[in-house]
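Student: My questions all concern the structure below.
The values are calculated or read from the model by the stated rules, or taken from the named source; none is laboratory data. Keep in mind the model is a prediction, meaning the values are calculated, not measured. Positions of Cβ are generated from backbone atoms using ideal geometry, with glycine treated the same way; all protein chains shown enter the neighbour counts. Remember, those area values only see protein heavy atoms, side chains included, never the ligands or the DNA or RNA. Shrake-Rupley method; radii C 1.70, N 1.55, O 1.52, S 1.80 Å.
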Amino acid sequence: MKVEEILAADNKYFMPVYNGRFPLYVDYGRGSKLYSKDGKSYYDFLAGIGVNFLGYDNKRFNQALKDQIDKIIHCSNNYYIEPQAELEQKLCENSCCDQVFFANSGSEANEGAFKLARKYFKKKGSNKFEIITADKSFHGRTLAAVTATGQEKYKKPFSPLPPGFKTAAFNDLTALKSIISESTAAIMLEPVQGEGGVYPATQAYLSGVREICDQEDILLIFDEVQCGMGRTGELFAYQNYGVQPDIITIAKALGGGVPIGAFLARKEVAAAFDPGDHGTTFGGNPLATRAGSEVMDIMLEDGFLAEVKSKGAYFKTELDKLVAQSDKLIESRGLGLMLALEMTADLSAQEITNQLFERGFLINAVKEHTLRFLPPYIIKKSEIDLLLENLSDLIIA
Ligand SMILES: *Cc1c(COP(=O)(O)O)cnc(C)c1O
């Protein structure tokens, strides 16, 4: 198809939820760059929204997928699946959890976590059912996940929403305590909030929440769909804090681009599920779990995540230098390669993002005055420098 034909078909046949797409007609990717069918190319500092951590066309990863495709792509969960078993083991042995369930997306992983939390208390004969989440959180687009999301704009059009969800201010233990009740089953938090504008939890907050959960018999769920799987320079974001949750949800980078989500739990919690309580057609299929298994091998290689940490620290230091040079910049935030630049009301994030697009860089305007950067972990320092030069040119010069 010619680019004009793609545009026309999309306008006519695709539901208008992504109206205002950038004029990038994705053809292929190589390294940190995406190539458009009109011959232009872009350094990708969004990486499929934190998915493509290997960038594009990683030969080892591609070969693993090709091998798997030649064996089998899908079979039902009525049978044992070798790559699923491999991924189960790798995830559990490298986390504070003991058992895992595979879904297809972040939203679905969160749905499963809600079900598990409710079943856990039901099985104990308790009537706790409520889930507390944080303001500015994002937990997905399915009806329960969007209800859990602490941002009105995502859920308002879809009321009435399912009952049993409440939100409290993030990084505020007093606010949290004030809404905990006898019905509270679980508290779900992103250790680093993503869609809300890249806000890391404070150490005191996460430690305090863990303490409250222990005292009140409440489950702690970390939604690591965006901040997990190496994004912060640790395999799981909770490892930056030394605070262990009872349930973890992951997705985005887990499949390196192949759709897969998962939730993990401590053994006593996972044991709440009885046969038939949960299930899925696609979740954990041979292709998706082979992808996840290869992803784990790559991430656990010596020095791989240390690089994420050091490149992230470099990127943040350089952003701070820009902040020091301009009164239109307020602060940089984030952990590892999950970063944001907060600007004053004088600067529109969308405008800067559009200008960078014209210059061949993909970033994200996560809020009206906030830029977000989620580059692939293989991003080069020289590529970070190139982006920063252009950013500096637009904002400071
Ligand atoms: C993206 C995201 C989700 C939803 O994941 P989908 O795969 O889009 O359903 C949930 N939680 C967080 C923190 C996310 O960033």
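Student: Between 147, 142, which is modelled with pLDDT of 95 or more and either crowded, with 20+ Cβ neighbours inside 10 Å or of a type in the set (Phe, Trp, Tyr) (or both)?
Tutor: 147
Student: Consider residue 161 carefully, then state whether it is free of Cβ contacts under 8 Å to residues at least 24 places away in the same chain, hydrophobic (A, V, I, L, M, F, W, C) and either in a loop (DSSP other than H, G, I, E, B) or more than 12 Å from the ligand (Cβ to nearest atom) (or both).
Tutor: yes
Student: Give the stretch 325-344 a look and list any residue that's farther than 24 Å from residue 201 by Cα and either charged (D, E, K, R) or open to solvent by 80 Å² or more (accessible area, probe 1.4 Å) (or both), or say none.
Tutor: Result: 325, 327, 328.
Student: In the stretch 150-170, how many are open to solvent by 30 Å² or more (accessible area, probe 1.4 Å) and touching a Phe, Trp or Tyr at 6+ places or on another chain (Cβ under 7 Å)?
Tutor: Final tally of qualifying residues: 1.
Student: Starting from residues that are open to solvent by less than 30 Å² (accessible area, probe 1.4 Å) and out of contact with any strand residue (DSSP E or B) (no Cβ under 7 Å at 6 or more places or on another chain), keep the ones in the stretch 29-50 and report whichever is farthest from residue 235 (Cα to Cα).
Tutor: 47
Student: Report every pair of residues separated by at least 6 positions or lying on different chains whose Cβ atoms are under 8 Å apart, first residue within the stretch 341-366 and farther than 20 Å from residue 48 by Cα and in contact (Cβ under 8 Å) with a residue 24 or more places away in the chain, second assigned to a loop (DSSP other than H, G, I, E, B) and open to solvent by less than 10 Å² (accessible area, probe 1.4 Å).
Tutor: As it stands, the answer is 342/197, since those pairs meet every condition given.
Student: So if I check each of 136, 115, 155, which one is free of Cβ contacts under 8 Å to residues at least 12 places away in the same chain and within 16 Å of the ligand (Cβ to nearest atom)?
Tutor: Only one candidate passes the filter, namely 155.
Student: Against the condition open to solvent by less than 40 Å² (accessible area, probe 1.4 Å) and among the β-branched types (Val, Ile, Thr), how does residue 281 come out, does it pass?
Tutor: Judged against the criteria, residue 281 is not a match.
Student: Please determine whether any residue of the stretch 213-226 is within 14 Å of residue 245 (Cβ to Cβ), more than 14 Å from the ligand (Cβ to nearest atom) and assigned to a helix (DSSP H, G or I).
Tutor: Yes, the stretch 213-226 contains at least one residue that is within 14 Å of residue 245 (Cβ to Cβ), more than 14 Å from the ligand (Cβ to nearest atom) and assigned to a helix (DSSP H, G or I).
Student: Quick check on residue 101: is it out of contact with any Lys or Arg (no Cβ under 8 Å at 6 or more places or on another chain), part of a strand (DSSP E or B) and not polar (S, T, N, Q)?
Tutor: In short, yes.
Student: So which residues in the stretch 243-287 are within 17 Å of residue 92 (Cβ to Cβ), assigned to a helix (DSSP H, G or I) and within 16 Å of the ligand (Cβ to nearest atom), if there are any at all?
Tutor: 254 - this is the single residue of the stretch 243-287 that is within 17 Å of residue 92 (Cβ to Cβ), assigned to a helix (DSSP H, G or I) and within 16 Å of the ligand (Cβ to nearest atom).
Student: Let me ask you something else. So which residues in the stretch 228-242 are within 22 Å of residue 270 (Cβ to Cβ) and either touching a residue at least 40 places away in the same chain (Cβ under 8 Å) or acidic (Asp, Glu) (or both)?
Tutor: 229, 235, 236, 237, 238
Yes or no, residue by residue, for (1) free of Cβ contacts under 8 Å to residues at least 24 places away in the same chain; (2) over 30 Å from residue 360 (Cα atoms):
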| position | (1), (2) |
| --- | --- |
| 12 | yes, no |
| 45 | no, no |
| 59 | yes, no |
| 65 | no, no |
| 75 | no, yes |
| 80 | yes, yes |
| 86 | no, yes |
